[in-house]
Structures are given as C-alpha cells and as structure tokens.
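A.B. asks: Handing you a structure now.
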Amino acid sequence: MSYTPQFPQKRRSILVVGRNGQASAVVDALARVPGVGNVRQLGSFDPVLDAAKLTGVDTVVEMLGGIAPAFTLALAAMSNGISFITANPMLMMVHGRVLRNAAQGQQAYLGFQAAGFGMPVAELMGSARPERMVVSFSTSASMALARMVFRGESLAHVSAHLKMQNADFSDWGGKVTLARAMALRSMVFDTEITTEALQRASVEQVEMADIKRLRAFGLAPVFGAEISENEIYAGPMAVAQDSALLQADSGDVMLAETLYGDVTLRAASDDMQRVVAGVVADVRTLMRSPKPALPLERQIPLTRPQALGQLEMAYVRVPFAERDKVLAMKPEILQDSVEGDGLWQAVIAVPRVRDIQVSALGGVVYPIATAWAPQAAARATGGLRLVG
C-alpha cells in the first residue's frame with residue numbers, strides 16, 4: 001500500500017496595528033479563526049523603525065485610526081505584497097483610489113468590509129449586483145434623529161444627552177455616513193465615483209416641526225445614505241413610516257434593490273461588533289472560506305421610488321413665495337398642502353432630486369428613499385394641487 005504524505009496547510013500570520021479596545025478584540029477574534037496561525041499586535045507603526053517587523057507577515061490589519069498614519073502603514077504593507085485590511089472609513093474615502101490601484105499593482109488583497117457594513121456584502125449579494133442601496137448606519141446623527149422621532153425630544157435636548165454620554169459627534173454633518181457609504185459602494189461597484197457626485201447634509205437641518213409635517217404625508221425622517229453606482233447622498237432622508245430603516249434601536253440596516261429581488265441586511269449596532277465582524281469577514285474572504293460571516297435576511301420589499309418612469313421623489317418644504325422655484329422644474333405634484341404660516345409642503349417627482357434648489361432659510365428637501373404612496377385622506381379629498 002502506497003503512502004501519500006500529508007503536508008499541513010500554511011497558517012496565516014497576521015499583524016494587528018493599533019492600541020485600543022477594538023484592536024484587542026480583533027486580535028482575540030482572529031486567533032480563533034481556522035487557518036490563522038500567529039496573530040501579533042503592534043501599538044503603532046513607524047515606516048523606518050518598524051519596517052523589519054513586517055517580515056514574515058501575511059496580513060496587516062490597520063486599527064490606528066486617522067488618515068496619515070493609516071495610509072503610511074497601508075503603503076508599507078502593500079509595497080511588500082502583504083494583504084491589507086482596514087476598518088477605517090475615512091482612509092478609504094480619502095485614499096481609496098490610491099489603495100485600490102496599489103493593491104492591484106502589487107497583487108495584494110485590500111479588505112475594508114469593516115469600514116462599510118461589517119459583513120461581506122458583495123459575497124452575500126452573489127451575482128445580483130444592487131442597482132441602488134439605502135442604508136442607515138448607527139452613528140450619533142442617526143441616534144439623535146431616532147430620539148427626535150420616537151421620543152419627541154428636541155435636537156438641543158438630544159445633543160446635550162449625547163454629550164453627557166461622550167458620544168462621537170463626527171457624523172453630525174454626515175461625514176462618517178458618507179465615508180462608510182463610499183466604502184460600501186466600493187464593495188459592490190468596480191467603477192470610481194467623482195467628488196461632484198457626492199452630497200451630504202447635517203442633522204441640524206431637521207426641526208421638530210418637520211417630523212409632524214412629514215407624518216401628515218405618511219413619512220418620517222431618518223439619517224442615512226442613498227447609494228447608486230453614480231451618486232451618493234448622505235444626510236436626512238424621508239422614508240415611509242413602516243420602513244425597515246426607521247427603527248427605535250440603533251442597528252445598521254441596508255435595503256438593496258437587485259435585478260433578482262429586494263433584500264434587507266442588518267448588522268450589529270455596536271461599533272466593536274461591526275469592526276470585529278468586518279475584519280473576520282475579510283480574513284475569511286482572503287482565505288476563500290465558503291461560509292459568509294453573517295446570514296442574509298430577505299424581508300421588507302424595497303420598491304424603487306422612480307415609479308413614475310425615470311423620476312425621483314422628494315419631500316420639499318419652502319415658504320409659499322419660494323414655491324415658484326420648485327414649480328419651475330415642472331414637477332409632478334403627488335401630494336401637497338399649505339400651512340397657516342405660509343409654508344408650502346409637497347411630495348414631488350422630478351428627474352433629479354439633486355437639482356432642486358431651495359433657500360437655506362425656511363426650505364428643506366428630503367429625498368424619499370423607499371416606497372411611498374399618497375395618504376388616503378389626501379386622495380379622497382383631492383388635496384391641494386398648486387400648479388401656478
């Protein structure tokens with residue numbers, strides 16, 4: 001009987017760079033992943049003094065935060081053909097194109113699933129590339145808006161409460177949401193996106209009175225991002241009151257519209273859980289693991305708001321004297337009303353929501369991200385249709 005020797009599979013050596021609770025949690029999680037051998041942690045990285053510490057390393061996991069030190073580490077790793085994984089959305093927003101080109105040129109793996117949604121979105125979607133994604137991340141801005149919607153608290157009260165909890169306010173103007181949305185988009189679409197196609201707005205534009213006004217239209221505000229292949233909007237959006245994006249807890253939710261159906265993905269709300277899950281998912285992807293990190297959830301349908309041909313829908317609120325600027329776009333007015341204080345509110349359909357221009361004083365625009373239909377009472381009475 002012949003004997004065939006069995007050679008053990010090479011176990012991956014991973015270096016986690018960073019000194020914080022998330023970095024330690026990543027080290028512990030990676031040590032339990034099958035196929036992973038040596039996992040070391042380095043508190044910081046100097047490209048001159050610490051270059052020798054990359055010898056024998058297969059994968060570098062960046063947990064430093066910031067842009068400059070993380071970028072230096074990324075180039076040092078990939079220039080040596082070392083796979084690079086990051087949970088840093090700001091790094092990917094600023095230097096994503098350079099890192100993708102460097103990874104391709106050096107034939108090194110670049111993983112950033114923890115910087116987006118904390119799970120292998122592209123793998124879970126399979127061959128069904130989404131045409132559009134709408135996502136609500138768990139950030140200070142989304143938590144503030146949720147408290148305003150569900151508890152009726154003012155933005156000033158919410159802000160004071162979050163400050164007492166030492167919350168991270170970096171996303172108050174949508175910066176973190178935009179960065180994570182860009183990372184999420186890069187997982188699905190191979191094409192680059194220009195800065196002109198990026199738009200973000202602050203949670204500061206939402207007033208308590210707006211929530212009441214939106215409810216009259218069967219809508220509610222949510223802080224998140226709308227992502228397509230060519231454009232990204234980050235900031236307050238309007239969604240139907242039964243939307244999966246509008247939830248009392250602070251979890252991450254993504255609704256994706258694909259050619260083969262609509263899907264809902266949920267991820268843990270805790271930043272540490274998201275980062276750990278995303279890094280582990282990248283390592284498993286790198287090692288060609290057949291099992292995704294998290295299951296796919298199929299539930300609430302997402303209907304493209306462009307139900308009127310190629311038109312997009314939006315809720316607008318402007319002073320009555322300013323409505324001619326909106327009417328100049330020749331919108332389809334789906335539902336509207338006028339309040340006693342002279343504010344005109346309407347749900348309109350236009351070819352491109354980004355082209356709606358309203359003055360900062362007394363005017364807001366909320367893109368409608370999910371399926372919506374005019375309220376029954378308004379349909380019964382015919383509503384107010386101001387067309388001139």
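Rule-based calculations on the coordinates, nothing more; no lab input. Every value quoted in this text rests on a predicted model; they were computed, and no experiment measured them. Here the Cβ is made from the backbone with ideal geometry for all residues, glycine too, and neighbour counts use every protein chain on show.
A.B. asks: What is the set of long-range amide H partners of Thr258 at a cut-off below 5 Å, with H atoms built 1.01 Å from backbone N?
C.D. replies: Glu131, Val263
A.B. asks: Continuing with the same structure: Taking the DSSP beta bridges in the chain as the whole, what percent of them are antiparallel, to the nearest 5?
C.D. replies: For the chain, the DSSP antiparallel bridge percentage is about 70.
A.B. asks: If you don't mind, another one. For Asp168 and Gln41 in one chain, what is 0.36 nm times their gap in residues minus the Cα-Cα distance, to one decimal in nm?
C.D. replies: 43.2 nm
A.B. asks: Suppose R0 equals 56 Å; then what is the FRET efficiency for Glu207 and Val98 from their Cβ-Cβ distance, rounded to the nearest 0.05? Walk me through the numbers on the way to the answer.
C.D. replies: Numbers: r = 40 Å, r/R0 = 0.72.
So the FRET efficiency works out to roughly 0.90.
A.B. asks: For Ala156 and Val33 in the same chain, what is the full-extension length gain: residue separation times 0.36 nm, less their Cα-Cα distance, in nm?
C.D. replies: Gain on stretching Ala156 to Val33: 39.8 nm.
A.B. asks: Where does the chain land at 222 nm, in deg cm²/dmol rounded to the nearest 500, when only DSSP H runs of n ≥ 4 count, each adding -39500 (n - 2.57), divided by all residues?
C.D. replies: Details: 12 runs with 119 residues, N = 388.
Value at 222 nm, helices only: -9000 deg cm²/dmol.
A.B. asks: Here's something else I'd like to know. For the stretch 12-111, what are the per-bin percents of Cα-Cα distances with bins 10 Å wide, up to the bin holding the maximum?
C.D. replies: Computed distribution, short to long bins: 16, 53, 29, 1.
A.B. asks: Report, by chain and number, residues whose modeled amide H sits under 5 Å from the one on Val39, excluding near sequence neighbours (fewer than 5 apart, same chain).
C.D. replies: So Val39 has HN proximity to Ile14.
A.B. asks: So if R0 is 51 Å, what FRET efficiency would Glu332 and Gln107 give, r being the distance between their Cβ atoms, rounded to the nearest 0.05?
C.D. replies: Plugging the Cβ-Cβ distance into 1/(1 + (r/R0)^6) gives 0.50.
A.B. asks: Taking every DSSP beta bridge with both residues inside the stretch 123-268, roughly what % is antiparallel (nearest 5)?
C.D. replies: 90 percent
A.B. asks: Same structure, new question: Report the label-to-label distance for Leu49 and Asn80 in nanometres (one decimal), using points 7 Å from each Cα along the Cα→Cβ vector.
C.D. replies: 1.7 nm
A.B. asks: Shifting gears a bit: What whole number of Å gives the distance from the Cα centroid of the stretch 192-208 to the Cα centroid of the stretch 76-145?
C.D. replies: One Cα centre to the other: 20 Å.
A.B. asks: Full-extension gain between Thr72 and Asp242, please, as 0.36 nm times their residue separation minus the C-alpha to C-alpha distance.
C.D. replies: Extra length from Thr72 to Asp242 when fully extended: 56.7 nm.
A.B. asks: Another question, if that's okay. So, with +1 on the Cβ of K and R and -1 on the Cβ of D and E, and no other charges, what is the size of the charge dipole of the stretch 123-268 about its Cα centre, to the nearest 20 debye?
C.D. replies: Computed charge dipole of the stretch 123-268: roughly 520 debye.
A.B. asks: While we're here: What would the Debye equation give as log₁₀ I(q)/I(0) for the stretch 123-268 at q = 0.15, 0.18, 0.20 Å⁻¹, counting only Cα atoms as equal point scatterers?
C.D. replies: Computed log10 I(q)/I(0) values: -0.75, -1.04, -1.23.
A.B. asks: Charges on Cβ only, +1 for Lys and Arg, -1 for Asp and Glu, centred on the Cα centroid of the chain; of Ser228, Leu259, Val350, which one is farthest towards the dipole's positive end?
C.D. replies: It is Leu259, whose Cα lies furthest towards the positive end.
A.B. asks: Could you compute the net charge surrounding Val176? Neighbours are other residues with a C-beta less than 14 Å from the C-beta of Val176; K and R count +1, D and E count -1.
C.D. replies: Summing Lys/Arg as +1 and Asp/Glu as -1 gives 0.
A.B. asks: What net charge is computed for the residues neighbouring Gly118, neighbours being all others with C-beta under 12 Å from the C-beta of Gly118, Lys and Arg scored +1, Asp and Glu -1?
C.D. replies: -1
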